[in-house]
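Undergrad: Following this message is one structure expressed as structure tokens.
Please treat every number below as a calculation from the coordinates, not as lab data. All values reported here derive from a predicted model rather than from experimental measurement. Neighbour counts run over all protein chains shown; Cβ positions are idealised from the backbone, glycine included.
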Amino acid sequence: MSSAALLPMLDREKPVKMQIYMWLRDNIIKGAMCPGALVDKTRLAAELGVSPTPLREALILLKHDGFIEMIPNLHTIVALIDIRLVHANALIRYSLEASIVEQIASNGLSLQTENACLHLIDEQERHLIDGNYEAVFECDLAFHKTLCDVLELPTLWLNLSANRAHLDRARQCSPVNLAGIRKAINDHREIIALLKKQDVLALRKLMKNHVYSVFDDLDQIKPDWLINNRA
């Protein structure tokens, strides 16, 4: 994998290792680096204009996260999509997001948050009409971050976004699911409606269905991109 069009602009005033890590992670999650693809470390370091050390350190971090498989003296590849990690991410994400909307409902949804979320939903629909699926995904992230930020808890979004990474990868590596995208957008509108009603039980049920819908996408992914398939 390597394409000049995908290369990042590295800021030499900041830790290069983390910039490479975030760039590779983003490309893996978005499917620009396919599961099982070979990572040519020598070529990639040359194209990035860095020594092998920061690249190797970034790859070690990605291995720890389950995105890279490194076999010493043999190869480095993009890890296959591990169904166990998707299940784990789904459980963690649901637990966190259900708790978030429950607390917001208990405290009452502010008009500012409601308007911000509705604007993002409108943007999702506009991007969907335009066929800009990457922008649809970015609006989806922003919607959930907006709700998360209401609680003003340090590192909450950082933890939540980290623990949904393998879910996002499964969605991005599957064929475009227009029905699923439309349903997700409708779910977002329903989440706001239920928050206004302060209907906690309905919110938790909807959030669970919303998160676990990733398995509909997972079923459409190429079988040779998956490991530890469900029985």
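Undergrad: Beyond 30 Å between alpha-carbons counts as too far, so tell me which of K41/K145; K14/K222; K196/K222; K14/K145; K14/K208 fall in that bin.
TA: Check vs 30 Å cut-off fails for K41/K145; K14/K222; K196/K222; K14/K208.
Undergrad: Are there any chymotrypsin sites (Phe, Trp or Tyr not before Pro) in segment 156-231 that are in a DSSP loop and have at most 11 other Cβ atoms within 10 Å? List them by number.
TA: In loop regions of segment 156-231 (DSSP not H, G, I, E or B), there are no sparsely surrounded chymotrypsin sites (Phe, Trp or Tyr not before Pro).
Undergrad: If you find the alpha carbon centre of segment 28-104 and of segment 179-224, how far apart are they in angstrom?
TA: 25
Undergrad: Can you compute the FRET efficiency between D149 and N73 using 1/(1 + (r/R0)^6), with r the Cβ-Cβ distance and R0 = 41 Å? Round to the nearest 0.05.
TA: Computed FRET efficiency for D149 and N73 comes out at 0.35.
Undergrad: In deg cm²/dmol and to the nearest 500, what is the mean residue ellipticity at 222 nm of the chain if only DSSP H runs of at least 4 residues count, each as -39500 (n - 2.57), divided by the residue total?
TA: Result for the chain: -21500 deg cm²/dmol, rounded to the nearest 500.
Undergrad: Using 0.36 nm per residue of separation minus the Cα-Cα distance, give me the extension gain between F215 and S95 in nm, one decimal.
TA: 41.5 nm
Undergrad: Can you tell me the mean projection area, over all orientations, of the convex hull of the chain's alpha carbons? Units nm², please.
TA: 13.8
Undergrad: Now for a separate question. Grab the other residues whose beta carbon is less than 13 angstrom from that of L151, score K and R as +1, D and E as -1, and report the net.
TA: With Lys, Arg at +1 and Asp, Glu at -1, the neighbours total -3.
Undergrad: Continuing with the same structure: Under a crude label model (7 Å from the Cα following the beta-carbon direction), how far is A162 from R43 in nanometres?
TA: 3.3
Undergrad: For S106 and N132 in the same chain, what is the full-extension length gain: residue separation times 0.36 nm, less their Cα-Cα distance, in nm?
TA: 5.8 nm
Undergrad: Are there any helices in the chain, counted as whole DSSP H runs, that stretch 24 Å or more along their axis by Cα and score at least -0.5 on average by Kyte-Doolittle, and if so which?
TA: Helices passing the filter in the chain: 83-107, 133-150, 178-197.
Undergrad: Expressed in nm to one decimal, what extension gain is obtained for the pair D122 and R189 from 0.36 nm per residue of sequence separation less their Cα-Cα distance?
TA: 23.2 nm
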